[in-house]
Amino acid sequence: MCRQFVEGVTDYLEGTLPDEIVILVELHLADCPHCREYLAQMRRTIALTRSLTERDVDAMPADVRDRLLQAFRDHDE
Ligand SMILES: [Zn+2]
């Protein structure tokens, strides 16, 4: 389930998944700390990206940008 979750997380956050899938996702989240953490990271990242202008991203220190990218790579199966 983790892989499907990671692939569908954007749809989940946007609320575009069918109800029956949302139920499956929430059941999975209830007993998968990895996906809960991943979801929390996605929410933070999306909130961050929405509040940033392009100039902010350019001005972002390289290590912060790297940590953000690393956060995505860290989620394995
Ligand atoms: Zn999972």
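The values are calculated or read from the model by the stated rules, or taken from the named source; none is laboratory data. Just so we're clear, the structure is a prediction, and the values are computed from it rather than from any experiment. Positions of Cβ are generated from backbone atoms using ideal geometry, with glycine treated the same way; all protein chains shown enter the neighbour counts. Quick note on the areas: whole protein, heavy atoms, side chains included, nothing else; ligands and nucleic acids left out. Shrake-Rupley method; radii C 1.70, N 1.55, O 1.52, S 1.80 Å.
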Answer from L24, L69 - the residue that is open to solvent by less than 100 Å² (accessible area, probe 1.4 Å) and more than 16 Å from the chain's Cα centre (by Cα): L24
Extreme residue, nearest to the ligand (Cβ to nearest atom), among residues of segment 27-53 that are over 16 Å from R73 (Cα atoms) and surrounded by 15 or more Cβ atoms within 10 Å (Cβ to Cβ): C32
Pairs with Cβ under 8 Å, 6+ apart, first in segment 1-24 and more than 10 Å from the ligand (Cβ to nearest atom) and modelled with pLDDT of 90 or more, second outside any loop (DSSP other than H, G, I, E, B) and small (G, A, S): L17/G8; I21/G8
Residues of segment 3-21 classified as open to solvent by less than 70 Å² (accessible area, probe 1.4 Å) and either touching a Pro at 6+ places or on another chain (Cβ under 6 Å) or over 18 Å from T45 (Cβ atoms) (or both), total: 3
